[in-house]
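To start, the structure itself, in structure tokens.
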């Protein structure tokens, strides 16, 4: 039996019977995390770090979908780390997933010499503006660049990854110029990109990006991913991603 604390619930991940603990009053995972795990290419035997893991949904889903050998989730929030650790234990994945409490800004030091092959991140999308949000709020930390910035994420991934190592991220399309500039600054060459549109005739609201450490200059733009069909149901590809 799993111990649920006040305000917590247990949700199915629709993969291998895995479940995850979430807090109704905190920041629950959304579609971005699920789509990112589908976009990632994780090879057999690889070690993967999820920076800003939250409740641990990305490592757990990657365990279900890939043959990666070892997964690490890094997060600065005590409550998220606690829920993620209990979810990992609940699913019997303690031999494949380790949850670490720590600062993304120190990721390259925390995981030095750990043999990480792949870094994944669903980082905060919005720049922090003092006075507009509560910087202590769990939702603010997840959505706004309170604890770390886009530069912090890309710098640490660039430091940590070996030549040929891969970086995967989901973000907002309006920040693409900044994303590409920083990726190149930290030697993460953009290699694949896919826009996510809520509907066929709607502008994209997410972008999935793959970078390769010291990779050659060639960017493949994949066909758009459409979330909803005209009748409001999930597109067939999205439905298959959700299992």
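Applying 0.36 nm per residue to the separation of residue 31 and residue 19 and subtracting their alpha-carbon distance, the gain on full extension is 2.7 nm. Residues of the stretch 51-67 falling in the label zone of residue 78, defined by backbone nitrogen less than 20 Å from a point 7 Å along Cα to beta-carbon, are 52-56. To the nearest 0.05, what FRET efficiency results for residue 159 and residue 11 with a Förster distance of 41 Å applied to their C-beta separation? It comes to 0.75. Our estimate of slack between residue 205 and residue 1, defined as 0.36 nm per intervening residue step minus the Cα-Cα distance, is 69.6 nm. The gain in end-to-end length when the residue 242 to residue 222 segment is fully stretched comes to 5.2 nm, 0.36 nm per residue minus the alpha carbon separation.
At a Förster distance of 35 Å, what's the computed FRET efficiency of residue 106 paired with residue 231, Cβ-Cβ distance as r, to 0.05?
Numbers: r = 48 Å, r/R0 = 1.36.
About 0.15, to the nearest 0.05.
Calculate for the chain the 222 nm mean residue ellipticity that helices alone would give, adding -39,500 (n - 2.57) per DSSP H run of length 4 or more and normalising by residue count, nearest 500 deg cm²/dmol. Using -39500 (n - 2.57) per qualifying helix, the result is -8000 deg cm²/dmol. Counted over all Cα-Cα pairs of the stretch 1-73, pairs farther apart than 16 Å make up 50 percent.
Read the figures in this text as sums done on the coordinates, not as results from a lab. Because the structure is a prediction, the values reported are computed rather than measured. For neighbour counting, all protein chains shown are included, and Cβ atoms are generated from backbone atoms with ideal geometry for every residue, glycine included.
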